[in-house]
Amino acid sequence: MSTAPGPPDLSPPLPPLPLRERKKRRTRQLLVDTSLELFTERGFGKVTLDELCDSVEVSKRTFFRYFSSKEDVAMAPTQDLWLTFLDVLDTADLGPADRPVLLLVQDTLLTALDRTTTDDWAHRALLSHNLIEQTPSMDAHGLHFCDRTTRSALATLHRRLDIPDPADLRPRLALDMVVAAFHCALTTWASTPTDSLSAHTRQAFTALASAATFPATPRGDG
């Protein structure tokens, strides 16, 4: 399976961000960190948007420049990962022409993980995952986000790859399988976060490769 790390990035470092952009990113990150802390301590439904904004000392108008809802800010860690995935899929080298789409999508997600899982991302993602498990509205929000992300990724595949039949189900199935494998990895990682999410994701992709031929062996009478 082609899930080994790619060559090192030898491109020159990006210039520093302007001060205004750095401030915007700090404000957004403070909203994410504060929301996850408050929601974890008190419960998602027991923290109002007003209380969250007061804790960060921003207005609700400022909040809505970054997020559409409490669910949106609480799910920012994994949503940021998938937005990075879309960016990589849209801009990265697609590799050899005979490369299976499934492997392309897997490698794209692994690259996105490498780019996203810096600083305290893993801690934030774990808090967010635990909140989703306890909060139906976050789960529903996640399903809508997943559907939008999959549609965007599928549109990118059709734009960048030679797929003669627009109704061909295989690109969509490849995306769906990778998403399903990642969710399995996320669940197992959340129970044993000492291992990296990337490692769990690679294990899930290895299992995915043989899932179609996994034998349905009946149990013995004994």
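The values are calculated or read from the model by the stated rules, or taken from the named source; none is laboratory data. Every value quoted in this text rests on a predicted model; they were computed, and no experiment measured them. Please note: Cβ atoms are built from the backbone with ideal geometry, for glycine as well, and neighbour counts cover all protein chains shown.
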Note on L154: of the conditions (1) of a type in the set (A, V, I, L, M, F, W, C); (2) over 17 Å from A199 (Cα atoms); (3) within 11 Å of the chain's Cα centre (by Cα), unmet is (3)
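One line per residue, one yes/no per condition, for (1) out of contact with any Lys or Arg (no Cβ under 6 Å at 6 or more places or on another chain); (2) closer than 23 Å to H129 by Cβ:
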| residue | (1), (2) |
| --- | --- |
| E21 | yes, no |
| C53 | no, no |
| A74 | yes, yes |
| T78 | yes, yes |
| F85 | yes, yes |
| T91 | yes, no |
| V101 | yes, no |
Checked pairs for region 117-143, first within 18 Å of D33 (Cβ to Cβ) and crowded, with 16+ Cβ neighbours inside 10 Å, second modelled with pLDDT under 95 and among the charged types (D, E, K, R), C-beta under 6 Å and 6 or more apart or across chains, list as I132/D139
When restricted to R159, R99, R148, the only residue outside the structural domain of V32 (by TED's automatic domain parsing) and either under 25 Å from Q203 (Cβ atoms) or among the aromatic types (F, W, Y) (or both) is R99
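Listed here are the residues, each with its yes/no results for (1) more than 24 Å from R172 (Cβ to Cβ); (2) out of contact with any helix residue (DSSP H, G or I) (no Cβ under 8 Å at 6 or more places or on another chain); (3) of a type in the set (A, V, I, L, M, F, W, C).
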position	(1), (2), (3)
L30	yes, no, yes
L81	no, no, yes
T84	no, no, no
L89	no, no, yes
A125	yes, no, yes
Note: among T34, T108, T84, just one is modelled with pLDDT of 95 or more, under 21 Å from the mean Cα position of the chain (by Cα), surrounded by 15 or more Cβ atoms within 10 Å (Cβ to Cβ) and outside the structural domain of T156 (by TED's automatic domain parsing), namely T34
The one condition T3 fails out of (1) modelled with pLDDT of 95 or more; (2) closer than 27 Å to T156 by Cα is (1)
Reported set for region 157-180 where residues are among the hydrophobic types (A, V, I, L, M, F, W, C), without any contact (Cβ under 8 Å) to a residue 60 or more places away in the chain and assigned to a helix (DSSP H, G or I) is L173, V179, A180
Heads up, the helices (runs of 4 or more DSSP H) in region 65-151 (entirely inside) with at least 2 residues that are of a type in the set (V, I, T) and farther than 18 Å from W189 by Cα are 76-91, 101-116
